[in-house]
1. Using only DSSP helix segments of four residues or longer, with each worth -39500 (n - 2.57), what per-residue ellipticity at 222 nm results for chain A after dividing by its residue count and rounding to 500?
2. Could you tell me whether the protein assembly as shown comes out rounded, prolate or oblate from its Cα gyration tensor? Rule is a ≥ b ≥ c as square roots of the eigenvalues, rounded for a/c under 1.5, then prolate if a/b exceeds b/c, otherwise oblate.
3. Looking at this model, which pairs from A:Lys6/B:Lys153; A:Lys132/A:Lys194; A:Lys89/B:Lys182; A:Lys6/B:Lys171; B:Lys111/B:Lys247 are more than 32 angstrom apart at the alpha-carbon?
4. Can you tell me how much longer the chain between A:Phe49 and A:Ala185 gets when fully stretched, taken as 0.36 nm per residue apart minus their C-alpha distance, in nm with one decimal?
5. Let me spell out the model: positive unit charges on the Cβ of Lys and Arg, negative unit charges on the Cβ of Asp and Glu, origin at the Cα centre of the protein assembly as shown. What dipole size does that give, in debye rounded to 20?
6. Ignore the peptide's own chain and count Cβ atoms of other chains within 10 Å of each Cβ in B:93-105; give me the average, rounded.
7. Over chain A, what is the relative contact order in percent, taking alpha-carbon pairs closer than 8 angstrom and at least six residues apart?
8. Calculate, in nm to one decimal, what A:Gln28 and A:Arg143 gain on full extension: separation in residues at 0.36 nm each, minus their alpha carbon distance.
Amino acid sequence: MSTLIKTSLARKFAMALSGLFLVFFLLQHFTINLTSVFSEEVFNEFSHFMGNNPLVQFALQPVLIFGVIFHFVMGFVLEIQNRKARASKYASNNGAANSSWMSRNMIISGAVVLSFLGLHFYDFWIPEMNYKYVEVLPENPTRYFEEMVHKFESPVRVGLYVVSFGFLALHLLHGFSSSFQSLGANNKYTRAIKGFTTAFAIGIPLGFVFIALFHHLTAF
Amino acid sequence: MNLTLKIWRQANADATGSIETYPIENVSPDMSFLEMMDVLNEELIGKGIDPVAFDHDCREGICGMCSMYINGEAHGPDRLVTTCQLHMRKFKDGDTITIEPFRANAFPVVKDLAVDRSAFDRIQHAGGFVSVNTSGNTQDANAIPIDKHDADKAFDAATCIGCGACVASCKNASAMLFVSAKVSQYALLPQGKVEATDRVLNMVKQMDEEGFGNCTNTGACEVECPKGISLENIARMNREYLSASLKG
């Protein structure tokens, strides 16, 4: 068991598992956000539940934050280790001949997504923590929809969201299917897995973009 | 064909290398890449210049000795061939061809285009074998039934010639494809199952100690592998490793 902690393969498993966990969270986040397009009440109900349920707040949320931090810290560690493994670079390297841009530039797409998370935390998570745990304001179960729509009034913010989700799609296009390979799944289902993960990698970020644009365009 | 060759020249392992330019004329499209290099070296010797050192042996794609990173790809732009099987017809008159050694910290340059790939040997020594008593009482191979599907997969894995193109092509200089081919070759066969747990743990440990990078599943290794070793082998090694780690 101890060997599973410090080897290159252990790091690969850890990246795959934390990535899959974040993909699962992304789907859950998307599902709740999507309700905001159809019903203000349903969105408020979901948001109120997620924001006030002790299990979500004090068990799932810390796990999620740990998962995010672990995934990006490990990503940077792997990038540094991998760069060190070839100290002398090629004068001519045709990476496009044998691999996708997404697979070779996970650190770039990941860094953009991480920057976006900073903005997203600044927009929603920090005000939420401040509301509940610093200022300890009285809970209003109908405040969430208004707060969210207000954020999407700014075209600059919506633009940044759209660009970030583009990079999230690029990250997922390689990362999601790659996590199955890392965990040892390369078999007769691989084509189906690739099809599903590709649809997910494009569809979910596109859905988030749609939600942001929808609220931006209907806010006035 | 008349070509311009830009070749990495490095006097020895400790020297600082650089790209040198050599024009070469009247190259036949029917020449193999190594024959073209032989012609160049004859010309260089005639001019009193040190010939370009490069690895080669069988010159029929079996031994795994030839290497070279040609125009940004291991074994050049062709698929499923080693450098010795690459023909000059793949290039056009007037082309400039950049030729570099396989680059990875674990594959230090010995001289010019020749690199030390003994890291692969050490990985192989760590577990890439089956301990079978061959002193006269070896069991008849046909006495052990093996599923055709598994036999084919094991054979495919066994076609790895250990050339190192996977490491050279990988942006992380990872050796996972090589190691996974060796692990798979035995893991699929009943003869290899006896030592399966130790084998995968020891070979991966040695791989890490040699300083190869981590695998990020870009798939470049599979594309550039002259023997078409599949990424399936890496997935199999991952399963073997996970299972062995939980046992050990």
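All of the numbers you see were taken from the coordinates with simple rules; none came from a lab. This is a predicted model, so every value here is computed, not measured. Virtual Cβ from ideal backbone geometry, glycine too; neighbours counted across all protein chains shown.
1. It lands at -24000 deg cm²/dmol.
2. Prolate shape, in that a/c is at least 1.5 and a/b is the bigger ratio.
3. In this structure, A:Lys132/A:Lys194; B:Lys111/B:Lys247 lie more than 32 Å apart at Cα.
4. Value of the extension gain: 45.4 nm.
5. Its charge dipole is roughly 560 debye.
6. 3
7. Relative contact order comes out at 32 percent.
8. Going from the current span to full extension adds 39.4 nm.
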